[in-house]
Structures are given as C-alpha cells and as structure tokens.
Amino acid sequence: MDHGACAEALSVLPGITPPPRLRVQTLKRLLAYEIQARALGGLSPKEQRALKAIAGGKCNSEATSQVVSSGTHLVREWNGRTYRVEVTDEGYVLDGTIYRSLSAVAKRITGTAWSGPRFFGLAKKRSA
C-alpha cells in the first residue's frame, strides 16, 4: 500500500483522522492496530490508564508494573510455602479469596504491609 491508500483506509474508520506527514510504514502499523483493536476489543481501561500515565511523564515502576493481564498467575515462595495468585478482571485470587490489590495479597501472606508489585517482583526497589 502506498501513502494515499493507507491514509484513505484510515480515514474511513470512525474517529480516526490520519496525520498527513506520517511515514507509510507508520500508517500501516496504525491501520493494523486499529483493525485489530476493533476486532478484538482494544485495550482494557486499566491498560489505557497505565499508558496515559506513561505518556504523561508519570512513568515509574508502579505505573508500569500494574499492567498485568487477566489470566496471569503470579507465584511467590514465602517461608517455605509457595503461593499462587491468579489475576482476574475482578482482582487477585489467592486460595479462593478475591483481593482488590496485590498489596492486600502480600499482607495476607506475610502479615505485614508490603508493596504488592514489589513483593511479587513486578516493581524494582526505588533508589534513594
């Protein structure tokens, strides 16, 4: 596809106005993304918030670590026991109980307050 064909294909999609000076390769990628997003449902609200935080310059370990897809299993060994946490759309499931945050799961496991993403190795310790 040439530049004009890519721009025309993008312009027929509702809500899309292709920028006039993008390279053909970039237009092709944008078109492919838009087709896939419309067919498969796009990003979840949680993923959209994380991307907006990153784009707004709020890119820290917590903003990037919060994007864990539903269906992911987090495994952590603590005091000789292995804990398996399933990420769902409703929250985090440990031993049949749903928790709203990873920090709540970490507190349940350890008995003390922890950063959940850090406890499960999703965020690095901040340097002083």
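Rule-based calculations on the coordinates, nothing more; no lab input. This is a predicted model, so every value here is computed, not measured. FYI the Cβ positions are ideal-geometry reconstructions off the backbone, even for glycines, and counts take in every protein chain you see.
Pairs of Lys residues in the chain are counted when their Cα atoms are under 24 angstrom apart and they lie 8 or more places apart or on different chains; the count is 11. A value for volume of the Cα convex hull per residue in Å³ was derived from the coordinates, and within the list (i) 91; (ii) 157; (iii) 100 it appears as (ii).
Evaluating kT/(6 pi eta Rh) at 20 °C and 1.002 mPa s, with the Kirkwood radius of segment 73-119 over Cα pairs in the Stokes-Einstein relation, gives 203 µm² s⁻¹. Here is how the number arises for the chain: DSSP H runs of 4 or more residues each give -39500 (n - 2.57), the sum is divided by the residue count, and the result at 222 nm is -12000 deg cm²/dmol. About its Cα centre, the dipole of the chain is roughly 600 debye, where the only charges are +1 on Lys and Arg Cβ and -1 on Asp and Glu Cβ. Dipole of the chain (Lys/Arg Cβ +1, Asp/Glu Cβ -1, origin at the Cα centre): which of Gly15, Gly111, Tyr99 lies farthest to the positive side? Of the listed residues, the answer is Gly111.
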